[in-house]
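A.B. asks: Quick one: this structure, given as structure tokens, is what I'll be asking you about.
A short reminder: the numbers here are calculations on the coordinates, not readings from a lab. Predicted model, so just to flag it, every value in this text is computed and none were measured. With ideal geometry, Cβ positions are generated from the backbone for all residues, glycine too; neighbour counts draw on all protein chains shown.
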Amino acid sequence: MSSNARPVRRSLTAQVVELVEELCVAPAAAAGDALPSEGELATRFGVSRMVLREAMNTLEARGLVVRRQGKPAVIASPNALPVENFVALAVLRDRRALVEFTEIRAGLEIHGVRLAAQRLTGAERAAALVHIDAARRTCADLRADPADVANRVRADLTFHKELVAASGNSSLVQILDALERTLAASREQSHQSYLASGADPAASATEHDVLLDAVLSGDPARAATEMEHHLRVTLQEIETRP
């Protein structure tokens, strides 16, 4: 079935970043290998040196390449990468890693809503409700324009972040935030697949409402069960991708 979903547009620099990433994770590539010069890469990708330089700045900031004065950049060692960049590189190298890191995300979010439900029954209820209310508002965004994939992805990301923030565990929020940035492209694909399947977009928002109600019930087990069900669908979609 065809979809009317509008794909998220990426900048030219972002596209070049992905192209260089592909060079870094090619089967024959290894840490320490020199990449072609920036001039050669600009010619190969048909972009200006300025665009190429911006892309290399991004890759260097992520720890994926090491640049040397007057010499071509080299591929960085994965062991030296920050956790977020390690996850990004692992997902690029091995498709199975996407499933594995999504499973990690699921485990963390399930624990997060369990903590949030507990917090709603104690002295920190008012602080937790601030995040719950913010998550509730994103459900309206999910219903606003079903074909706007960028809006759906943004709303979904905010929903999950606010729900976990209600746990009061800032370290958990930071770890999940790093994972979510890495898995953003996969989340976009999941939303596009959902819309292309002919499913009712409003059903997704309703499912988020059910999850919120489970957390608001103050029952940690119920909240964990609803989140597990919610994320199981995501995992199944990823595992069945062609």
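A.B. asks: Full-extension gain between R222 and E18, please, as 0.36 nm times their residue separation minus the C-alpha to C-alpha distance.
C.D. replies: On the way: separation 204, 0.36 × 204 = 73.44 nm, distance 4.05 nm.
Full extension from R222 to E18 adds 69.4 nm.
A.B. asks: Using only Cα atoms and rounding to the nearest 10 degrees, what angle (0 to 90) does helix 12-24 make with the longest principal axis of the chain?
C.D. replies: For 12-24 against the chain, the angle is about 70 degrees.
A.B. asks: Mind telling me which of T43, T58, T102 comes out most flexible in a GNM of the chain, alpha-carbon contacts under 10 Å?
C.D. replies: T43
A.B. asks: Then there's this: Given Cβ point charges of +1 (Lys, Arg) and -1 (Asp, Glu) and nothing else, what value in debye, to the nearest 20, does the dipole of the chain about its Cα centre take? Mind showing how you got there, number by number?
C.D. replies: Numbers: 28 positive and 32 negative charges, 127 e Å.
About 600 debye.
A.B. asks: Using the Cα gyration tensor of region 90-151, with a ≥ b ≥ c the square roots of its eigenvalues, what is the shape: rounded (a/c below 1.5), prolate (a/b larger than b/c) or oblate (neither)? Provide the component values of the computation, followed by the final result.
C.D. replies: Numbers: a/c = 4.12, a/b = 1.31, b/c = 3.15.
Oblate shape, in that a/c is at least 1.5 and b/c is the bigger or equal ratio.
A.B. asks: Select from V173, A150, V113 the residue farthest towards the positive end of the dipole of region 110-182; place +1 on Cβ of Lys and Arg, -1 on Cβ of Asp and Glu, and compute about the Cα centre.
C.D. replies: Selected residue: V113.
A.B. asks: Obtain the nm distance between the two label points defined at T121 and A199 by a simple spin-label model: each point lies 7 Å from its Cα along the Cα-to-C-beta direction.
C.D. replies: Each label point is offset 7 Å from its Cα along the Cβ direction, giving 3.1 nm.
A.B. asks: Okay, moving on. Name the residue from L52, L195, F101 whose Cα lies farthest towards the positive end of the charge dipole of the chain, charges +1 on Cβ of Lys and Arg and -1 on Cβ of Asp and Glu.
C.D. replies: Value computed over the given set: L52.
A.B. asks: Continuing with the same structure: When a/c reaches 1.5 or more, the comparison of a/b and b/c decides; with that in mind, is region 91-211 rounded, prolate or oblate per its Cα gyration tensor? Walk me through the numbers on the way to the answer.
C.D. replies: Values: a/c = 2.29, a/b = 1.24, b/c = 1.85.
Verdict is oblate for region 91-211.
A.B. asks: Could you tell me how many degrees, from 0 to 90 and to the nearest 10, lie between the Cα long axis of helix 149-165 and the main elongation axis, the longest principal axis, of the Cα atoms of the chain?
C.D. replies: The two axes meet at around 60 degrees.
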